[in-house]
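A.B. asks: Handing you a structure now.
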Amino acid sequence: MSVRFEIDAEELKLLQKKFKRIPDQVEKRVNRILHSFGIKTIEDRILLRIPVSQSPAKKRHASNSKSLRSATFNLGFETKPKKTYNYLVFPDKGLGTSIGRAPDEFMTEGMNDGTPRILQEINDQLDQLIEEEF
């Protein structure tokens, strides 16, 4: 269970004009934004959506800890639970004791919620970079 952020073809078309104006700097800047602001944004959005069990056990819950990790790659990243929090697949996909319940899909919803903010930040940063160059 994981979610991936990648700049898709449609979004890339919108950014191509900016890429052409300053090609040597754009990829580095976009990666820097995605690998810091992007990861933090998505992780925060996912953590807000993780369901908290009503169990009387006094355990530290995934939504209150650093339960996610992200792997970076060129123009994207992948976020998934840390190994000790792999149980999050059950409520997310409606498996195990969550069978019969609608899947929460908090990973996907968190990604969908954070994506517009990330794309806006990329556009803002690239506009600023273009202004600095010209």
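A.B. asks: With r defined as the distance between the Cβ atoms of Glu133 and Glu10 and R0 fixed at 30 Å, what FRET efficiency is calculated, to the nearest 0.05?
C.D. replies: 0.70
A.B. asks: Something else about it: Work out the count of Lys pairs in region 13-134 where the Cα-Cα distance is under 15 Å, with the pair 8 or more places apart or on different chains.
C.D. replies: 8
A.B. asks: Report the one residue of Ile118, Gln16, Pro81 whose Cα lies farthest in the direction of the positive end of the charge dipole of the chain (charges on C-beta: Lys and Arg +1, Asp and Glu -1; origin at the Cα centre).
C.D. replies: Farthest towards the positive end: Pro81.
A.B. asks: When only Cα pairs under 8 Å and 6 or more residues apart are kept, what is the percent relative contact order across region 1-91?
C.D. replies: Relative contact order for region 1-91 comes out at 41 percent.
A.B. asks: Would you mind computing, in nm to one decimal, how far apart the modelled labels at Phe19 and Ala71 are, each placed 7 Å from Cα along Cα→Cβ?
C.D. replies: Taking the simple label geometry, Phe19 and Ala71 are separated by 2.3 nm.
A.B. asks: With +1 on the Cβ of every Lys and Arg and -1 on the Cβ of every Asp and Glu, and nothing else charged, how large is the dipole of region 6-134 about its Cα centre, in debye rounded to the nearest 20?
C.D. replies: Around 820 debye, computed over region 6-134.
A.B. asks: What is the projected area of the convex hull of the Cα atoms of the chain, averaged over all directions, in nm²?
C.D. replies: Result: 9.1 nm².
A.B. asks: Working out 0.36 nm times the residue gap between Arg49 and Gln120, then minus their Cα-Cα distance, what length gain in nm do you get to one decimal?
C.D. replies: Full extension of this stretch gives 23.4 nm more.
A.B. asks: Mind giving me the FRET efficiency for Phe37 and Glu105? R0 is 30 Å, r the Cβ-Cβ distance, nearest 0.05 is fine.
C.D. replies: It comes out at approximately 0.80.
Each value in this text was obtained by applying a stated rule to the coordinates, not by laboratory testing. From a predicted model like this one, the values you see are computed outputs, not experimental measurements. Glycine also receives a Cβ, built like all others from the backbone with ideal geometry; neighbour counts cover every protein chain displayed.
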